[in-house]
Ligand code: GRF
């Protein structure tokens, strides 16, 4: 069995897509635990409703970031997971955390990286006036949305689009792209080269 830990700070619609498309399917990929830094995160409710072990590690309660992250590591390591998925997780992870899980942490970001990293990616895209944006699944390194790119999906941006409408369009594809990327990793088809490019052994075409 390929085991996941999912970190989420809010609504948790990407978590839900992993639950629906992988966890509840016949595939051998299961979510072992969900962790949130936010007690009001709807993601925690979604985990509870699906009988998935859920944990609040409230970052506000820790003076030092190191202690906060070590608590997460303690929980994650109990489950012996194969992959950590950041699904709307709104905090930057330190290199201590990333090194502990080398090449085992992935993130979904709502733009075509390296364009528009960081917060409010959809607003950045609308404000810039790009005609195409999209979403990216990438491995996480110490930077902000800078790690090796696994998969991307492009979305047209119309003149009439605003932050909300573009966010909705992109989110629909996020819900497909993230489970797909997880499945490819679980199948051992995703290889990171020394130059940080990612080779997907099959299914590279058509996202
Ligand atoms: C998504 O747009 C994701 O790309 C970004 O944060 C948002 C989280 O949405 N990192 P949700 O909590 O999964 O609904």
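The values are calculated or read from the model by the stated rules, or taken from the named source; none is laboratory data. Just so it is clear, the structure is predicted and the values come from calculations on it, not from any experiment. Using ideal geometry, Cβ is built from the backbone for each residue, glycine included, and neighbour counts are taken over all protein chains shown.
General observations
- Residue match in the stretch 46-57 (condition: within 15 Å of the ligand (Cβ to nearest atom) and farther than 24 Å from residue 176 by Cβ): yes
- Long-range neighbours under 9 Å by Cβ, at least six apart or interchain, first residue on the phi > 0 side of the Ramachandran plot and within 11 Å of the ligand (Cβ to nearest atom) within the stretch 161-172, second in a helix (DSSP H, G or I) and modelled with pLDDT under 95: none
- When 182, 106 are checked against the criterion of being part of a helix (DSSP H, G or I) and within 15 Å of the ligand (Cβ to nearest atom), 182 stands alone in meeting it.
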